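One structure is given here, and the rest of the page talks about it.
The values are calculated or read from the model by the stated rules, or taken from the named source; none is laboratory data. None of the values given here were measured: they were computed from a predicted structure. Here the Cβ positions follow ideal geometry from the backbone for every residue, glycine too, while neighbour counts run over all protein chains shown. Ligands, DNA and RNA are excluded from the accessible area calculation, which covers all protein heavy atoms including side chains. Shrake-Rupley method; radii C 1.70, N 1.55, O 1.52, S 1.80 Å.
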Amino acid sequence: MINIYYCDLSKIAFNDNLIKKYNIFLTKEESDRLLNIKIPELKRNFIFGRLIIRQELSKYLNCSNSDITFSKTNLGKLHLSGKFSNSNIGFNLSHSKNIISVIICNNNAGIDVESVKNKDISKISQFSFTKNNIEYLDYLRQNYLKKQYIESFYAYWTLQEAFIKLKGGSILNKNFKLDFDLKNNQKFNNFYNNTFENNFKKSQPYIEIFSTTDIKNNLQFKTFYLQENYILSYAAQVSKDSNLFIHQLYF
């Protein structure tokens, strides 16, 4: 079972009272770290990221929030420590602008969400993606609307980041680059053959726009257009129970 939780923090009035309210869900070490974060948006994202992870993991593990503790790998990936250090539950966190997203499942997983920005991104492509993916982006840039080129870039970016976060590596490592065939993917092309307004419903503020399974690495990938201006992708090891559930959270 794969569960994705996301929350739009744009309407939350973030202030000192809110920090005090949710600070009880942080460990002493996390509270100290929070004091060193000076940018309000990053402070907010840190608090709610930890809150969502603990809140949802405690349901999986049938324990209290205070029982959930974390440690980090050398590359900074969070994993369970303490009494649950041997648990096989995989989880990962991502945030961009006002969106926090978390994936939890029974296997290793990675997730990435990005706010879609209308800016020149061609230089980033050159060191972030495979040769085939770079060539497809160049083709889009020269022959199609800029909007399709930019959104295809963010689909590639989030897919690569989700895979890298699953592996716990760096985007600069060439071994952590995979080819993703957006060009010949029917779901992705169907999305672009219809206007976003025809697909998007306020009652379900996300659309699956790409999915694939990497049989060699036993991985499942999916990409979603989220709330009109975010793109989210995840990578997860495939298991017998790989049903997906997406939950929007409110605070």
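Quick notes on this one:
- For the stretch 182-194, a residue qualifies if it is open to solvent by less than 70 Å² (accessible area, probe 1.4 Å) and either of a type in the set (S, T, N, Q) or modelled with pLDDT under 85 (or both), and the qualifying residues are 185, 189, 191, 192.
- Leading residue by the ranking (farthest from the chain's Cα centre (by Cα)) among those in the stretch 9-28 that are touching a residue at least 40 places away in the same chain (Cβ under 8 Å) and open to solvent by 50 Å² or more (accessible area, probe 1.4 Å): 25
- Tabulated pairs, the stretch 29-53, first exposed (fewer than 14 other Cβ atoms within 10 Å of the Cβ), second at pLDDT 95 or above and in a loop (DSSP other than H, G, I, E, B), C-beta under 7 angstrom, 6+ apart or interchain: none
- Complete set of residues in the stretch 230-251 that are exposed (fewer than 14 other Cβ atoms within 10 Å of the Cβ) and under 14 Å from the mean Cα position of the chain (by Cα): 247
- Lone qualifier among 97, 117, 131 - being at positive phi and not small (Gly, Ala, Ser): 97
- Strands (runs of 3 or more DSSP E) wholly inside the stretch 38-149 containing at least 1 residues that are closer than 15 Å to residue 7 by Cα, within 21 Å of the chain's Cα centre (by Cα) and polar (S, T, N, Q): 90-96, 99-105, 109-115
- Scanning the stretch 66-77 for residues that are buried (at least 16 other Cβ atoms within 10 Å of the Cβ) and not aromatic (Phe, Trp, Tyr), we see that the one that is farthest from residue 166 (Cα to Cα) is 68.
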